[in-house]
Amino acid sequence: MAGTPTRSSSKITRIGILTGGGDCPGLNAVIRALTKTAIYKHGLLVFGIEDGFLGLVENRVCDLTSLHVSGILTRGGTILGTNNRCDPARYYTGDDEHGNPIFTDVTDRCLGTLDSHGLDALIVIGGDGSISCAAPFVEAGFNCIAVPKTIDNDVVGTDITFGFLTAAATATDALDRLHSTAMSHHRVMVCEVMGRNAGWIALHAGVASGSDVILIPEIPYDVDRICQFVQSRMHRSRGFSIIACAEGARPVGGEQVVAHFDPTSPQAVRLGGVSQCIASEIQTRTGIESRTTVLGYIQRSGTPVADDRVLATQFGYHAIELLMSGARDRMVVMRDGGLGDVDIRFAIDKQRLVPDDDPLVAAARAVKTCFGD
Ligand code: F6P
């Protein structure tokens, strides 16, 4: 590939940072930890790439000083901006005469941007989609260090990603609140949470809130089972049921509910709407009034919980230490309570799903939580 950068040597003096994919709480905490460690401990010059990989395509690069990252630890979102629709290897440039999207590989243009700013390494803060976008740079010889983020908690190689605990806490709070109105009206309340194809948010928030039913993509549901369960609770004079439902939940032998499809996006499918299908089925089959709440983007927004701030700070610090120790093309991870790292390619095109033998599923089943199976 042309345009292989000349500055990817072991001498690191200038680094770039970008945040890619959907935002999540804790991104600013990582940016702060990376920047301060790089400047204070190693005397590096730090640059921020705006709006994820789009900033590399469009050469939008800014200085990041300690002043820029001061006071951002508790702030949601990302001061750099982000983008979950730009993959430089498959960059959307418009539609052809038939309305089909046209894609171009602009990796070389991005490598040119990195080179023009004299960057020696790029820190990619992202989920599996953004880490995949970094692969062509790694193949071209440019050193990339990944920091795994996502509320979905589905990055392979790490036990946890920052953002997840805040999203799970937000979902728990919503499920807690729904109890009182469900009880008052003797209703079934189906609360849909995010997570894409992984059920981690629904599982954790469902257990934390004592939800009666938890539906996750990894355990396909049978709507008859759910109906029997909520009916039995009505008969046992509980008079209501709370269902924590992942957006990726699907019936046995059936499909996930797709909200929309964007062929120009690296992850084209956007899930959403399953809670309405489930609530309608329950109401039709049992006659119990059923309502839905779709939590949506509040799970990604707002200030990170303390544990996410701590994790983000550890990840940011460890990423710089790795880089300065001479590491190349690694992803920082948290495994068995300790910081570590794996090859950056390890996480590409995979998802960490809830396993069949997950201990939290076993604990939830033991307290008679229904998984719809
Ligand atoms: O990956 C994070 C996430 O919030 C998923 O849980 C959700 O399915 C998706 O992003 C939504 O993407 P968008 O921001 O494009 O609507």
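In debye, nearest 20, what is the charge dipole magnitude of the range 165-300 about its Cα centre with +1 on Lys and Arg Cβ and -1 on Asp and Glu Cβ, if you could check? If you can, show how the numbers build up before the last one.
Details: 12 positive and 12 negative charges, 56 e Å.
My answer is approximately 260 debye.
In whole Hz and in residue order, list the ³J(HN,Hα) couplings for the range 45-60 that follow from phi through the Karplus curve 6.51 cos²θ - 1.76 cosθ + 1.60, θ = phi - 60°; x for Gly and Pro.
Going residue by residue, I get 9, 10, 10, x, 9, 7, 6, x, 5, 4, x, 6, 5, 9, 6, 10 Hz, with x marking Gly and Pro.
Determine the per residue accessible area of the range 41-96 with all protein chains present and a 1.4 angstrom probe, expressed in square angstrom.
Heavy-atom SASA per residue in the range 41-96 reads 46 Å².
May I ask you to give the percent of accessible area on the range 231-352 that is carbon plus sulfur, with a probe radius of 1.4 Å?
51
What Rg and what Dmax come out for the range 1-124 when only alpha-carbon atoms are used, in angstroms?
15.7, 55
Angle, helix 274-286 long axis vs. longest principal axis of the chain, Cα atoms, 0 to 90°, nearest 10?
Tilt relative to the chain: about 10 degrees.
Which residue fluctuates the most in the chain, going by a Gaussian network model with Cα springs under 10 Å, if the choices are D222, D23, D262?
Highest fluctuation among the options: D262.
Of K36/K149; K149/K368; K36/K350; K41/K149, which pairs sit farther than 27 Å apart, going by alpha carbon to alpha carbon?
The answer is K149/K368; K36/K350.
Counting only the backbone N, which residues of the range 293-312 are under 15 Å from the spot 7 Å out from the Cα of R177 toward its beta-carbon?
293-303
Using the alpha-carbon atoms, what tilt in degrees (0 to 90, nearest 10) does helix 27-36 show relative to the longest principal axis of the chain?
30
Taking the chain as a Gaussian network, Cα atoms linked when under 10 Å apart, which of V252, V46, V106 shows the biggest mean-square fluctuation?
Per the Cα network of the chain with a 10 Å cutoff, V252 tops the list.
Let me check the size of the chain from its C-alpha atoms; what are the radius of gyration and Dmax in Å?
Using the Cα atoms of the chain, the pair Rg, Dmax is 22.2, 72 Å.
Rank D152, D173, D128 by mean-square fluctuation in a GNM of the chain with C-alpha springs under 10 angstrom and give only the top-ranked residue.
Maximum among the listed residues: D173.
So, how do all the Cα-to-Cα distances of the range 165-300 break down into 5 Å bins, in percent, from 0 on up?
Final binned percentages: 2, 12, 21, 24, 20, 12, 5, 2, 1, 0, 0.
5 Å is the cut-off here: which amide hydrogens, built 1.01 Å from N in the peptide plane, fall below it relative to L64, excluding neighbours closer than 5 in sequence?
Under 5 Å from the amide H of L64 lie the amide H atoms of V46, F47, G48, each far enough along the sequence or on another chain.
Hey, if you drop one equal point scatterer on each alpha-carbon of the range 267-363 and run the Debye formula without solvent, what base-10 log of I(q)/I(0) do you get at q = 0.12, 0.16, 0.23, 0.25 Å⁻¹?
Rounded to two decimals, the profile gives -0.72, -1.04, -1.23, -1.23.
Roughly speaking, what is the stretch gain from C62 to D349, that is 0.36 nm per residue apart minus the C-alpha to C-alpha distance, in nm to one decimal?
100.3 nm
What value, in deg cm²/dmol to 500, does the helix sum -39500 (n - 2.57) over DSSP H runs of n ≥ 4 give at 222 nm once divided by the residues of the chain?
-10000 deg cm²/dmol
From the phi angles alone, apply the Karplus equation (6.51, -1.76, 1.60; θ = phi - 60°) to the range 157-173 and give each ³J(HN,Hα) in whole Hz, x where the residue is Gly or Pro.
Coupling constants for the range 157-173: x, 10, 6, 7, 10, 6, x, 5, 5, 5, 4, 5, 5, 5, 5, 4, 4 Hz.
Over the Cα atoms of the range 108-156, compute the convex hull volume and normalise it per residue, giving Å³.
Cα-based convex hull of the range 108-156, divided per residue, equals 74 Å³.
Using 20 Å as the cut-off for backbone N distance, which residues of the range 114-139 belong to the label zone defined by a point 7 Å from the Cα of N100 along Cα→Cβ?
From the range 114-139, the list is empty.
How large, in percent, is the carbon and sulfur part of the accessible surface of the range 109-181 at a probe radius of 1.4 Å?
Carbon and sulfur: 51 percent of the exposed surface of the range 109-181.
Between S301 and S232, what FRET efficiency follows from the Cβ-Cβ distance if R0 is 30 Å, with the result rounded to 0.05?
E(calc), rounded to 0.05, equals 0.20.
What does the charge count around Q283 come to, taking other residues whose C-beta lies under 12 Å from its C-beta (Lys +1, Arg +1, Asp -1, Glu -1)?
+1
Please report the net charge: other residues with Cβ closer than 10 Å to the Cβ of G372, K and R +1, D and E -1.
Result for the neighbourhood of G372: -2.
The values are calculated or read from the model by the stated rules, or taken from the named source; none is laboratory data. Since the model is a prediction, treat every value here as computed from it, not as a measurement. Please note: Cβ atoms are built from the backbone with ideal geometry, for glycine as well, and neighbour counts cover all protein chains shown. Accessible surface areas use protein heavy atoms only, side chains included; no ligands, DNA or RNA. Shrake-Rupley method; radii C 1.70, N 1.55, O 1.52, S 1.80 Å.
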